[in-house]
Amino acid sequence: MPRENLNPFKIAQNYFEQAAERLELDDGTRQILSTPKRSLTVSIPVRMDDGTYRVFTGHRVVHNMARGPAKGGIRFHPDVSLDEVKALASWMTWKCACLDLPFGGGKGGIVVDPHKLSERERENLTRRYTSEILPLIGPDQDIPAPDVYTDPQIMAWIMDTYSMTKGATTLGVVTGKPLALGGSKGRDKATARGVQFALREACRDRKMKLEGARIAIQGYGNAGSHLATFLHEEGAKIVAASDSGGGVHHTKGLDPAQLMAHKKAGKSLKTFQPGKAITNRQLLELPVDVLVPAALENQITSANAGRVKAKVIAEAANGPTTPMADDILFRRGRTVIPDILANAGGVTVSYFEWVQDFYSFFWEEEEVDLRLELYMRRAYRAVADAAAKHQSSLRSGAYVVAVGRVAEATKVRGIFP
Ligand code: NAD
């Protein structure tokens, strides 16, 4: 078997190329759509609590703006690289197009382990990073949001730094903000809600019941923990969950609220009782009905895809499955709900937040959830129809829908000058 390329940007390009081939796009359009529009790498000097200075590296990439301002999260993680940010930015372009949102794609990140910083150091880091990427961001240019290890507080600092510099309170410069500062009700749970809505559709297509289904969730952060709660409420059984330290497996089912309390007490899920401690690798191969990767990229590869037992894999994380693994799963009759569809609930409610900020008129959570369900179901059907037409996986279907929409927008806009 050929060696697998795990470079996230190469993987993103690979998925794009497959769709471009199906859509018979010409070479010029392929080049335009696959090349990031803007990439900025910045040095971020920070005065630490002990009086010393440290310089961190950050990136912000705008992949495409053909259909509207760029949109995409900011990640704080030691493994952040420019290639990863480029890949995530391109996924945002396809995700926004897949959901038919009037946005392009962007992403940002800082190479840092934020858990090793104090709150004041995190604030200084965030504010200086914001000031360094200021030429790119803005409510009608490029709108950041939370991603791995960033949260509403960090979004509030970004909004404040931008507003102070511009001299005007600008709510719409960033989404995923606290409710006290122009955030949207339902935004914190939106990614998980979206996965839940997509899962319902996929289960209906497979004539499979979510009620009683055995679920394994890798990653117990914003996406994973809320999803566990929603699926538990729906009657599914969470039989395994994990975090960066490892996980727990309990065939009788785990209580999501107790798992959360365990994490809030600062403990890893691998020490949760009752249950058996498992590694993150083992979790992926458990005998379950639904597997939810909700942590990081490249978790399901050609090395373990043959051993994945779940019938449905819902990608709450971005890029958890490599192209070779995706092929293996498709040939084995597994349904993979691809990231650009499955986890698009977050950006969809970010879009609702941005709209509410412009109107300065805010919706109730029921209204947010109702509209989100409509967007997710509509997107799922478009993707499933495209997959059926091309006799392909849902991922290929999603890329055909998304790339087709961006290609059309690019064509009717024309290339300046
Ligand atoms: P988070 O920071 O809230 O949580 C991340 C979780 O993953 C934590 O529980 C952490 O312990 C765990 N983790 C880290 N490394 C791990 C590893 N190697 N193995 C297993 N678990 C590990 O992040 P999040 O916002 O929940 O994001 C998770 C994924 O979902 C990312 O891929 C992100 O891009 C994607 N996503 C998030 C959103 C959102 O709105 N939060 C939207 C779309 C996609």
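The values are calculated or read from the model by the stated rules, or taken from the named source; none is laboratory data. Being a predicted model, the structure only gives us computed values, none of them experimental. Note that each Cβ is placed from the backbone with ideal geometry, even for glycine, and that neighbours are counted across all protein chains shown. For the accessible areas, the whole protein counts, side chains as well, though only heavy atoms, and no ligand, DNA or RNA atoms are used. Shrake-Rupley method; radii C 1.70, N 1.55, O 1.52, S 1.80 Å.
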Let me confirm something: among LEU254, LEU283, which residue is open to solvent by less than 20 Å² (accessible area, probe 1.4 Å), in a helix (DSSP H, G or I) and either in contact (Cβ under 8 Å) with a residue 24 or more places away in the chain or within 16 Å of the ligand (Cβ to nearest atom) (or both)? LEU283
Keeping to segment 182-241, report how many residues are away from the ligand (no atom under 16 Å from the Cβ), touching a residue at least 40 places away in the same chain (Cβ under 8 Å), open to solvent by 20 Å² or more (accessible area, probe 1.4 Å) and touching a helix residue (DSSP H, G or I) at 6+ places or on another chain (Cβ under 9 Å). 2
Every residue in segment 335-347 that is more than 9 Å from the ligand (Cβ to nearest atom) and buried (at least 24 other Cβ atoms within 10 Å of the Cβ), please. VAL336, ILE337, PRO338, ILE340, LEU341
Can you pull out every residue in segment 311-324 that is within 16 Å of the ligand (Cβ to nearest atom) and out of contact with any Lys or Arg (no Cβ under 7 Å at 6 or more places or on another chain)? ALA314, GLU315, ALA316, ALA317, ASN318, GLY319, PRO320, THR321, THR322
Going through (1) within 11 Å of the ligand (Cβ to nearest atom); (2) in contact with a Ser or Thr (Cβ under 9 Å, 6 or more places away or on another chain); (3) in contact (Cβ under 8 Å) with a residue 40 or more places away in the chain; (4) open to solvent by less than 30 Å² (accessible area, probe 1.4 Å) one by one, TRP91 fails only at (2)
Given the residues ILE133, ILE110, ILE143, which is the only one that is among the β-branched types (Val, Ile, Thr) and closer than 13 Å to HIS63 by Cα? ILE143
Being away from the ligand (no atom under 16 Å from the Cβ) and part of a helix (DSSP H, G or I) narrows it down to one of SER396, SER350, so name that one. SER396
Restrict the check to segment 65-72 and report whether at least one residue is closer than 23 Å to TYR375 by Cβ, of a type in the set (Gly, Ala, Ser) and surrounded by 24 or more Cβ atoms within 10 Å (Cβ to Cβ). yes
